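A.B. asks: One structure coming up, written as structure tokens, with questions to follow.
Read-outs: derived from the displayed coordinates by stated rules, not from any lab. Everything numeric here is computed off the predicted structure, so don't read it as measured data. Backbone-built Cβ (ideal geometry, glycine too); neighbour counts: all protein chains shown.
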Amino acid sequence: MKILFILIPLCFCLGGCSEQSETTSSKKSERPVVELVEKPEALAAVVSENPVEPPKKSEAIPTELAVDNAVALISELPEIKAWSDYIEQKSQGKVHAALLTPTKEPQDIDGKQYWPVDFFESQDTHMHRWESFWVRIDGKEILVDDLADGLISLQNWRDQKKPLERIQS
């Protein structure tokens, strides 16, 4: 009699456990969630011969700030926002502003790595470059490529060239 009192709860427990394991095993057979990656070229695989040791960062191409982040920094500049609005309004929506990066790797300027980001006016037949920017890969400096003065700081560009005056009518 005592054995029945022990076996019956044990059977329910085992039955419950097997039910739970079936639920768990059915979850395992579900397909994994796949995330769509818009820019597959941005993905990189690191293969290490020694799986215990973490892969080492490449010294040649620092990755503190991805190129998309550099473009995002430039897109937030008040001059870029104003120029973009101006282009849209002036063309009545027929012409658009664009930010493009000509390279997939940062470029060396005076021993520091920078992402080039160009601001364009995108016409139907061509692209018209308005300005070229260089964003240091740590995000702490933006240079402007001025035709007359070469690379100058963002603040010097604002003070000397007065870029917002370019769109005043």
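A.B. asks: What is the gain in length, in nm to one decimal, between residue 68 and residue 159 on full extension, counting 0.36 nm per residue of separation less the C-alpha to C-alpha distance? The partial results should precede the final answer.
C.D. replies: On the way: separation 91, 0.36 × 91 = 32.76 nm, distance 2.72 nm.
Extending this stretch completely gives an extra 30.0 nm.
A.B. asks: Convert each backbone phi in segment 146-163 into a coupling constant with the Karplus relation 6.51 cos²θ - 1.76 cosθ + 1.60 (shift: θ = phi - 60°), then list the ³J(HN,Hα) values in order as whole Hz, x for Gly and Pro.
C.D. replies: Along segment 146-163, the couplings run 8, 4, 7, 10, x, 6, 10, 5, 4, 5, 4, 4, 5, 5, 7, 9, 6, x Hz.
A.B. asks: Follow-up question, since we're still on this one. For a quick check: with amide H placed at 1.01 Å from N, whose amide H comes under 5 Å from residue 146's, ignoring anything fewer than 5 positions away on the same chain?
C.D. replies: The list, which skips near neighbours in sequence, is 151, 152.
A.B. asks: Here's another thing I want to ask about it. If R₀ is 41 angstrom, what is the calculated FRET efficiency for the pair residue 138 and residue 91, using the beta carbon separation as r and rounding to 0.05?
C.D. replies: On the way: r = 36 Å, r/R0 = 0.88.
Taking R0 as 41 Å, the efficiency between residue 138 and residue 91 is 0.70.
A.B. asks: Mind checking the full-extension length gain between residue 168 and residue 105? Use 0.36 nm per residue of separation minus the Cα-Cα distance, one decimal, nm.
C.D. replies: Values: separation 63, 0.36 × 63 = 22.68 nm, distance 3.57 nm.
Answer, rounded to one decimal: 19.1 nm.
A.B. asks: So which of 81/162; 94/162; 90/162 end up more than 22 Å apart by C-alpha?
C.D. replies: Working: 81/162 15 Å; 94/162 26 Å; 90/162 20 Å.
Flagged as over cut-off: 94/162.
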